[in-house]
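Peer 1: One structure, pasted below without further comment.
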Amino acid sequence: AEDGKPSVTHLKVLQRVTGVSLVEARPLTGRTHQVRVHLAVTGSPIACDALYGNGKPILLSSFKKGFRPGSHDERPLLGRLGLHALSITVRHPLTGEPLHIEAPLAKDMGATINQLSKL
């Protein structure tokens, strides 16, 4: 945007599957929606991103030919924003020492990566 502030994100493709990629994003600045915007402007918005992408859930039937969900509606592999903060390092507010925090991958995201990796 014309009134936007400078921002930098390093991107690395870790894995490619038909139509989607697993990407590592390392933002060097901390702008609101920075990773989402940077991926969207590359033409590769984050999965299920309703603001910067198409917002559609990831369905196995979209990737696996001949897949039929059966007599019930197909449940999405991933129906929420496909963004995960693996880790962050900040300065401890009292000691000033670096504080590193990690978060495990959510089950739905892990299952999505696992299913799409099989294709």
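The values are calculated or read from the model by the stated rules, or taken from the named source; none is laboratory data. A quick note: this is a predicted structure, and the numbers were derived from the prediction, not measured. Ideal geometry is used to build each Cβ from the backbone, glycine not excepted, and the neighbour counts take in all protein chains shown. Ligands, DNA and RNA are excluded from the accessible area calculation, which covers all protein heavy atoms including side chains. Shrake-Rupley method; radii C 1.70, N 1.55, O 1.52, S 1.80 Å.
Peer 1: It is to be established whether one or more residues within segment 74-82 are assigned to a loop (DSSP other than H, G, I, E, B), among the small types (Gly, Ala, Ser) and open to solvent by less than 50 Å² (accessible area, probe 1.4 Å).
Peer 2: Yes: one or more hits.
Peer 1: Starting from segment 60-81, keep only residues that are without any contact (Cβ under 8 Å) to a residue 40 or more places away in the chain and charged (D, E, K, R), then list their pairs with residues that are in a loop (DSSP other than H, G, I, E, B) and open to solvent by less than 70 Å² (accessible area, probe 1.4 Å) whose Cβ atoms are within a distance under 8 Å, requiring at least 6 positions of separation or different chains.
Peer 2: GLU74/LEU59; ARG75/PRO69; ARG80/CYS48
Peer 1: If VAL23 satisfies every condition in (1) surrounded by 12 or more Cβ atoms within 10 Å (Cβ to Cβ); (2) part of a strand (DSSP E or B); (3) more than 13 Å from the chain's Cα centre (by Cα); (4) not small (Gly, Ala, Ser) but one, which is the exception?
Peer 2: Exception for VAL23: condition (3).
Here is a yes/no grid of residues against (1) of a type in the set (Ser, Thr, Tyr); (2) modelled with pLDDT under 95; (3) more than 21 Å from GLN34 (Cα to Cα); (4) open to solvent by less than 80 Å² (accessible area, probe 1.4 Å):
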| residue | (1), (2), (3), (4) |
| --- | --- |
| PRO57 | no, no, yes, yes |
| LEU60 | no, yes, yes, yes |
| PHE63 | no, yes, yes, yes |
| ARG68 | no, yes, yes, no |
| HIS72 | no, yes, yes, no |
| VAL90 | no, yes, no, yes |
| ILE113 | no, yes, yes, yes |
| LYS118 | no, yes, yes, no |
